[in-house]
Amino acid sequence: MMRKIPTQLVVGLGILVIGSGIVGGEYLLVKWYPTHKANVASETLKPIPYRNEGLGIDMQVAAGIDQRVDISPGMVRIFSPRLLSTDPSITLTSQPNPDQSSEFTPQTLAIWETDGVTHGLPRYDFKHLQINDRDAVMFWQSINRHMVLTARIISPDRVIEAKCTAGGGDENLYMEACEDSVKTIKVAGPPSAMTKDTDGAASTPIPLQH
């Protein structure tokens with residue numbers, strides 16, 4: 001005849017199992033998860049060199065985006081394939097600059113700055129800056145529920161556009177990857193006219209070699 005297990009023993013074992021689960025969960029939350037998250041971010045943001053002489057660019061692409069490259073006339077798409085969600089990607093295009101101007105016009109800048117309000121674009125933001133001694137703009141917006149960063153960089157020869165989407169991954173992390181990547185773009189060709197950087201100091205452009 002089997003002996004009945006004492007109720008106190010069952011309760012004690014239950015408390016031990018639950019307590020072990022709580023301690024293990026706390027360890028994951030406090031110790032393992034932050035380290036794991038930092039490692040994932042570091043690997044995602046690690047820069048990988050990319051150069052395309054046809055577009056006239058040289059840049060560093062975040063590793064979390066740079067897994068495959070599709071090249072077509074006048075366009076390059078760098079992306080990380082996802083099976084069940086939208087790929088994080090950067091699409092690069094180049095257009096001639098017939099005016100050979102080194103800066104975007106004030107009228108063009110004003111239109112881009114107000115596009116969010118004018119067209120009711122969700123989560124729209126705009127920034128005018130320099131990227132590697134070229135006049136540039138960056139604007140963010142939500143398209144089909146995914147954040148997209150568009151950068152345009154002007155040189156006397158060409159205008160480079162980089163459109164980067166976070167895809168269906170960690171939005172904050174992949175938008176950081178997008179921003180880090182587009183800010184490294186160097187555009188080949190003659191130097192732009194002398195401008196001032198964001199700190200107000202003059203800077204001398206250094207042209208890329210083809």
Which aspartates and glutamates have a Cα less than 18 Å from the Cα of K186, not counting those fewer than 8 places away in the same chain? E53, D58, D66, E103, D133, D135, D157, E161, D197
Distance between modelled label sites at H119 and Q100, nm, 7 Å Cα→Cβ extension: 3.2 nm
Starting from the Cα coordinates of the range 41-92, work out the convex hull volume and express it per residue in Å³. 71 Å³
What is the spin-label model distance, in nm, from S72 to H128 if the labels are put 7 Å beyond Cα along the C-beta direction? 3.3 nm
Can you list residues from other chains, or at least 5 along the same chain, whose modelled amide H is less than 5 Å from the amide H of N97? R158, V159
Three-way shape label, the range 48-203, alpha-carbon gyration tensor, a/c 1.5: oblate
Going residue by residue through the range 180-189, the Karplus relation 6.51 cos²θ - 1.76 cosθ + 1.60 with θ = phi - 60° gives ³J(HN,Hα) values, rounded to whole Hz and with x marking Gly or Pro, of 4, 5, 5, 6, 9, 5, 10, 9, 5, x
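Each reported figure results from applying straightforward, stated rules to the coordinates on display, with no laboratory input. This one's a predicted model, so the numbers in the text were calculated from it and none came from an experiment. Note that we place each Cβ from the backbone using ideal geometry, even for glycine, and neighbour counts take in every protein chain shown.
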